[in-house]
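The values are calculated or read from the model by the stated rules, or taken from the named source; none is laboratory data. The shown structure was predicted, so the numbers you read here are calculated from the model rather than taken from an experiment. In this analysis, Cβ positions are derived from the backbone assuming ideal geometry, glycine residues included, and neighbour counts consider all displayed protein chains.
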Amino acid sequence: MSENTSASEILLTTPLDALHRALGAKMVPFAGYAMPVQYPAGILKEHLHTREAAGLFDVSHMGQAFLMGDEAVEAFESLVPGDYQGLAEGKTRYTVLLNDHGGIMDDLMATRIPGGLYLVVNAACKTQDFAHIEANTRGRAKLEILSDRALLALQGPKAGAVLARLAPATADMTFMTFRKVDIAGIPCFATRSGYTGEDGFEISVPADRAEELAKKLLAEPEVEPIGLGARDSLRLEAGLCLYGHDIDTTTTPIEGDIKWVVNKRRRETKGFPGADIILGQLANGAERLRVGILPDGRAPAREGTEVQDLNGNAIGTVTSGGFGPSVNGPIAMGYVKTAFATEGTPVNLIVRGKALAAKIVKMPFTQKSYKTA
Amino acid sequence: MTVKYTKDHEWISVNGDIATVGITDYALHQLGDLVFVEVPEAGRTVSQGDETAVVESVKAASEVYTPVSGEVTEGNAGIADDPATVSGDPKGNGWFFKIKFSDSSEFDGLMNDAEYKAYVASLD
C-alpha cells in the first residue's frame, strides 16, 4: 500500500479543535490548520447524512472581515465584478477577486451590512486577500479582520428546522440573506448559504462561544459532525468550484463557467481588473470551459487526469475528481477546449495509462435544494 | 500456512506454490471508506514491489504492491464488483489476488506477525 507521510509542521487550530479530537476526528493539515477530515462515521456516511438530515462543519479556518466606511462598497467594487452598490443590506453575493488578466485571485462571499460589507474568504488565501483588499481600499474604507470569531456551517434539508428551534428569527430567512441572531442565547450572525448544494446556514460566532454553540447544535437529534472529506465530495456533486483547483489566477470567470458573477451593471460600467479581457470573452467566448465530466465506468479520475478526444488528442484536464456518494459513482470537473464542452460529448480520461470512456455533462450532479423566496 | 507482511501493509499467505495477497486492517483504517478496487488479470507477470492492484478511498487512490515476484493466477472479481467486501473482511474474502510465486527466498525479507505488529506500533 502506498501512504502519504505527513511532514511534521506547526499547525494552527480552530476554536473547535478540542471538540473535534473528543469526537474522535481524524485530523489533517489544511491551509496551515489542523482540521477534521472525517469523524468515526467516515466520509461516505457523513456525506449521505448531510443530504438527508443536517451536518455541522467547522470552517473557522476561513477568513472573516468587515470592510467599513462611506466609500467601502464602491472601493470594494474596484476589485470584483459584482454589483454591490445595487445589493440591498442584508443580502449576500458570491464574487471573485480579479487580477489584471481577468484571472481569479480568490472566490468569496460578501454581504451588504449597515456601514459596509461582511466578507468571508478562503483559508488558504486569507492573508493575501486581506492585504490586497486593504491596500486597494486604503483611504476609502477600513478593513477589520475578525480573528476572534469562529465559523460553523449547518447544512442539509433539516438544517432549517434545527436552527428555527434554536433561533426562531432564522425561520423566514431566504437563500443568500444575512441576519444577526441569537442562537441558543449566543449572539451570532448567520447567512442562509453554503457549499453543499443543500439548504443551510453559515454561522459566525465569537471564538470563545464556538464550542458551546457547536455542542448545542450537535445535541439536536438531526445533527452530526461532518469533516472536510465529505465537504469536498458534497461540493463536487453540487458542481461548486474549489479555489486553487477549479479556479485560480489563470482562469477567468468566463472560462470557469461562473460568468454570472459579472453582474449586468458592471458589464456596462466596467471598473474591475481584467474587464476588457472578460468582456471580450463574454462577447466572443473563451477558448476553454469548465465542465462536468462523468466517467462511464467505476474508476475515479482525479485532479490532473488528462482529458483526450476519441482520437487521442489532449483537449483538457480534470481539476477536481473523485467519488460522489449520492450519485454512487465517480464524478469529475475540469476544463476542456470549448469545442468539446457540449453536454454529451464523449471523451477519454487517461487513468494509470489507460483511456477510460467518459462524457461531458452539465452540473450539478445532484439537484440543488436552496430555500428561495 | 504462515502469513507475512510488508512495510506497505500488504499481507501474504502461502498455500503450496500459490500465495494470496491482501491489505491489512491498518491499511484499511488509513484508507477509510473504499469506493473502487482494480485487481490484476490472470497471467500477468510481476516482480516484487510492482504496483499490482489499486484501491481507492473517497479521498485518494492507493497502490497495492506485490510482496513477491511471479505470475498472477487470479484477481478477486468479488472485490472489484463490491469494494465494501474488503472493508468487511480484509483478511479473508477481501483478498486482492493470488500469485504463483517464482522465488521463495523473497519471503525471507518479509515481516512475521510479531514484527509487523511492532512495525505498526512504531508508526503511530
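Show me the strands (runs of 3 or more DSSP E) found entirely inside segment A:73-146 where at least 2 residues are within 17 Å of the chain's Cα centre (by Cα).
The qualifying strands (runs of 3 or more DSSP E) are A:92-98, A:104-113, A:116-121.
Pairs please, first residue from segment A:27-54 and within 20 Å of residue A:123 (Cβ to Cβ), second anywhere and at pLDDT below 95 and of a type in the set (S, T, N, Q), Cβ atoms under 7 Å, 6+ apart in sequence or on different chains.
Hits for this filter: A:29/A:6.
State whether one or more residues within segment A:332-351 are within 13 Å of another protein chain (Cβ to nearest Cβ), free of Cβ contacts under 8 Å to residues at least 24 places away in the same chain and either surrounded by 14 or more Cβ atoms within 10 Å (Cβ to Cβ) or of a type outside the set (D, E, K, R) (or both).
No, the conditions are met nowhere in segment A:332-351.
Kindly evaluate residue B:2 against the criterion of being buried (at least 21 other Cβ atoms within 10 Å of the Cβ), touching a strand residue (DSSP E or B) at 6+ places or on another chain (Cβ under 8 Å) and among the polar types (S, T, N, Q).
Spelling it out, it is not the case that residue B:2 is buried (at least 21 other Cβ atoms within 10 Å of the Cβ), touching a strand residue (DSSP E or B) at 6+ places or on another chain (Cβ under 8 Å) and among the polar types (S, T, N, Q).
Criterion first (under 25 Å from residue A:229 (Cβ atoms) and touching a Leu at 6+ places or on another chain (Cβ under 6 Å)) does residue B:87 satisfy it?
Yes: the conditions hold for residue B:87.
Can you tell me how many residues in segment A:297-312 are exposed (fewer than 14 other Cβ atoms within 10 Å of the Cβ) and touching a strand residue (DSSP E or B) at 6+ places or on another chain (Cβ under 9 Å)?
The number of residues fulfilling the criteria is 3.
Only residues that are surrounded by 18 or more Cβ atoms within 10 Å (Cβ to Cβ) and either in contact with a Cys (Cβ under 8 Å, 6 or more places away or on another chain) or of a type outside the set (Val, Ile, Thr) (or both): list them for segment A:264-293, please. Give the steps one after another, and end with the answer.
From segment A:264-293, those surrounded by 18 or more Cβ atoms within 10 Å (Cβ to Cβ) are A:266, A:272-275, A:278-279, A:281, A:286, A:288-293; that's our starting set.
Across segment A:264-293, the qualifying residues are A:266, A:272, A:273, A:274, A:275, A:279, A:281, A:286, A:288, A:289, A:290, A:292.
So residue A:223 ticks every box in (1) closer than 30 Å to residue A:148 by Cβ; (2) crowded, with 16+ Cβ neighbours inside 10 Å; (3) free of Cβ contacts under 8 Å to residues at least 24 places away in the same chain but one. Which box is left unticked?
That leaves (3) as the condition not met.
Anything in segment A:31-55 that is of a type in the set (Gly, Ala, Ser), away from every other protein chain (no Cβ under 13 Å) and not in a strand (DSSP E or B)? List them, or say none.
Across segment A:31-55, the qualifying residues are A:31, A:32, A:53.
Evaluate segment A:273-296: report whether one residue or more is closer than 29 Å to residue B:34 by Cα and within 14 Å of another protein chain (Cβ to nearest Cβ).
yes
Scan A:186, A:247 and give me the residue that is of a type in the set (A, V, I, L, M, F, W, C) and crowded, with 23+ Cβ neighbours inside 10 Å.
Of the residues listed, the single one that is of a type in the set (A, V, I, L, M, F, W, C) and crowded, with 23+ Cβ neighbours inside 10 Å is A:247.
Looking at B:81, B:124, can you tell me which residue is more than 18 Å from residue B:36 (Cβ to Cβ) and exposed (fewer than 13 other Cβ atoms within 10 Å of the Cβ)?
B:124
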